[in-house]
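Colleague: Structure below; questions to follow.
The values are calculated or read from the model by the stated rules, or taken from the named source; none is laboratory data. None of these values were measured; they are calculated from a predicted model. In this analysis, Cβ positions are derived from the backbone assuming ideal geometry, glycine residues included, and neighbour counts consider all displayed protein chains. In case anyone asks, the SASA skips ligands and DNA or RNA and just uses the protein heavy atoms, side chains included. Shrake-Rupley method; radii C 1.70, N 1.55, O 1.52, S 1.80 Å.
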Amino acid sequence: MPIIAPSILAADFAHLADEVRAVEGTADWVHVDVMDNHFVPNLTIGLPVVQSLRKVTSMPLDVHLMITDPERWAPGYAEAGAYNVTFHAEASENPVKLAKTLRAAGSKAGLAIDRDTPVEPYLELLPHVDTLLIMTIKAGFGGQAFLPEMLQKVRDVRRRVRVKNLEVRVEVDGGIAADTIEQAAAAGADAFVAGTAVYAAEDPAKAVRALRALAEAAMVRK
Ligand code: DX5
Ligand code: ZN
């Protein structure tokens, strides 16, 4: 079954509780993009917002850390009750150790691969993580165009997950919308982040349902 994870990066930051409630019951996870103006040029939200969101929704929080020094900061998000905490391969000195720390702190552990990073060197780490996030844009900003050439990474990860019989979610993030989600699903993704496609829509819940239907159909077909 696909996971649909609306990204609140495209939501109204002055009304985050309402924006999350708008997809409660239709979406699976709420995707929270943390950017630190170091790992990426953009600056978004941090731990206090996650702590506050935890109190207003029972939806699983999928925290995507686009930050330097995740060893120092990531465990705090697990302790705050995030369902999944994903850090970037490019920013981590010891991804396996950090994944263990996150699991011990009570969350699932995710590893993200940015646009310019090959996935090959990280395939052997798959048994140590719960989520492998493939960026289908360059991390840093919402609203960018989907890069279909990233799908080869998705295929490579999916193949390894299948061959080794692993329980790893293969998540795609960036430019996922009604016109791109099927190809991502057909390539082997089973978790889909969507910011603009959900929150710029007139009816976010309806947009989530439409994305889910497209992903489901493409996953069954392949
Ligand atoms: C960007 C973030 C994405 C962003 C996606 O670096 O990681 O999660 O919200 O936004 P859309 O879906 O608009 O590309
Ligand atoms: Zn993200």
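Colleague: Have a look at 65, 43 and point out the one that is more than 22 Å from residue 204 (Cβ to Cβ) and open to solvent by 10 Å² or more (accessible area, probe 1.4 Å).
Modeller: On the way: 65 fails: open to solvent by 10 Å² or more (accessible area, probe 1.4 Å).
Just one listed residue meets the conditions, 43.
Colleague: Tell me which of these residue 211 doesn't satisfy, since it passes every other one: (1) crowded, with 24+ Cβ neighbours inside 10 Å; (2) within 12 Å of ligand 1 (Cβ to nearest atom); (3) not in a helix (DSSP H, G or I).
Modeller: With (1) crowded, with 24+ Cβ neighbours inside 10 Å; (2) within 12 Å of ligand 1 (Cβ to nearest atom); (3) not in a helix (DSSP H, G or I) applied to residue 211, the lone miss is (3).
Colleague: Now for a separate question. Which of the residues spanning the range 159-208 are of a type in the set (Asp, Glu) and open to solvent by 10 Å² or more (accessible area, probe 1.4 Å)? Talk me through it step by step, then tell me what you get.
Modeller: Residues of the range 159-208 that are of a type in the set (Asp, Glu), as a first pass: 167, 171, 173, 179, 182, 190, 202-203.
Listed by number, the residues that qualify are 167, 173, 179, 182, 190, 202, 203.
Colleague: Considering the range 49-75 alone, what residues qualify as being among the β-branched types (Val, Ile, Thr) and outside any helix (DSSP H, G or I)?
Modeller: Listed by number, the residues that qualify are 57, 63, 67, 68.
Colleague: Among the numbered conditions (1) out of contact with any helix residue (DSSP H, G or I) (no Cβ under 6 Å at 6 or more places or on another chain); (2) within 11 Å of ligand 1 (Cβ to nearest atom), tell me where residue 169 comes up short.
Modeller: If we test residue 169 against (1) out of contact with any helix residue (DSSP H, G or I) (no Cβ under 6 Å at 6 or more places or on another chain); (2) within 11 Å of ligand 1 (Cβ to nearest atom), just (2) comes out false.
Colleague: Report yes if some residue within the range 89-102 is under 14 Å from the mean Cα position of the chain (by Cα) and not hydrophobic (A, V, I, L, M, F, W, C); otherwise report no.
Modeller: Scanning the range 89-102 turns up no residue that is under 14 Å from the mean Cα position of the chain (by Cα) and not hydrophobic (A, V, I, L, M, F, W, C).
Colleague: Can you name the number of the only condition in (1) over 17 Å from the mean Cα position of the chain (by Cα); (2) open to solvent by less than 40 Å² (accessible area, probe 1.4 Å); (3) without any contact (Cβ under 8 Å) to a residue 24 or more places away in the chain that residue 15 fails?
Modeller: Here residue 15 clears every test but (2).
Colleague: May I ask you to list the residues in the range 126-149 that are more than 7 Å from ligand 1 (Cβ to nearest atom), open to solvent by 30 Å² or more (accessible area, probe 1.4 Å) and more than 15 Å from the chain's Cα centre (by Cα)?
Modeller: 127, 128, 145, 147, 148, 149, listed by residue number.
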